[in-house]
1. Here are 68, 13: which of them is in contact with a Leu (Cβ under 7 Å, 6 or more places away or on another chain), touching a residue at least 24 places away in the same chain (Cβ under 8 Å) and assigned to a helix (DSSP H, G or I)?
2. Could you tell me which of the residues 99, 46 is touching an Asp or Glu at 6+ places or on another chain (Cβ under 7 Å) and open to solvent by less than 70 Å² (accessible area, probe 1.4 Å)?
3. When both residues are 6+ apart or on different chains and their Cβ atoms are under 6 Å apart, which pairs have a first residue that lies in segment 82-96 and is in contact (Cβ under 8 Å) with a residue 40 or more places away in the chain and part of a helix (DSSP H, G or I), and a second that is of a type in the set (Gly, Ala, Ser) and surrounded by 10 or more Cβ atoms within 10 Å (Cβ to Cβ)?
4. Taking residue 80 as the residue in question, decide whether it is surrounded by 10 or more Cβ atoms within 10 Å (Cβ to Cβ) and within 26 Å of residue 20 (Cβ to Cβ).
5. Kindly indicate whether residue 110 is closer than 19 Å to residue 18 by Cα, modelled with pLDDT of 80 or more and outside the structural domain of residue 21 (by the TED database).
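The values are calculated or read from the model by the stated rules, or taken from the named source; none is laboratory data. All figures in this text were calculated on a predicted structure; none of them were measured in a lab. Cβ coordinates were reconstructed from backbone atoms using ideal geometry, including for glycine residues, and neighbour counts include every protein chain displayed. What goes into the accessible areas is simple: the full protein's heavy atoms, side chains included, and nothing from ligands, DNA or RNA. Shrake-Rupley method; radii C 1.70, N 1.55, O 1.52, S 1.80 Å.
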Amino acid sequence: IFRETLSKRGVRVITGLGKYFRQVDRNRNGFLSQAAFKEALKAFHLEMPEGDFESLWLILDDSKSDKVDYGEFTRAVFGEMNEYRKTFVRKVSFAYMKLDFNKTGSVPIVDIRKCYCAK
C-alpha cells in the first residue's frame, strides 16, 4: 500500500522526503530514528495505521539498529537502480567532482562558468 501511495504522489514527494530527512538528521550521521521517520512521513501526509508503520519499519530497519537511512528507504520502496541509471549517476558524480574544485560539497556559478561554455 505504501509503495502505491508513493507512486501516485510522484518523484516530488520522494525528493522532498530526501531533503526533509537531511534537515531532521541533526547528528548529520545519515540516519533517522523511528520517531523522526514517523514525523517525516506525517509531514508529507503519508500517515498509516500503527500496525502498517511497524511492518514498514521492520522492513526498513533490517539491521535492527533502530535507525534507517534514506538510501535504505528508497531501495525498499523502489528497489535497486538498473545499470543504465547507475552508469548515469556515476557520470554525473564524476562531472560534479570536477566542478567542485574546493571539495566543499557545493558549486558556485562562478566555478561552473570556468568549465562550461553554452556556445
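1. Only one candidate passes the filter, namely 13.
2. On the way: 46 fails: touching an Asp or Glu at 6+ places or on another chain (Cβ under 7 Å).
Testing whether each residue is touching an Asp or Glu at 6+ places or on another chain (Cβ under 7 Å) and open to solvent by less than 70 Å² (accessible area, probe 1.4 Å) leaves just 99.
3. Pairs that qualify, where the first residue is in contact (Cβ under 8 Å) with a residue 40 or more places away in the chain and part of a helix (DSSP H, G or I) and the partner is of a type in the set (Gly, Ala, Ser) and surrounded by 10 or more Cβ atoms within 10 Å (Cβ to Cβ): there are none.
4. no
5. no
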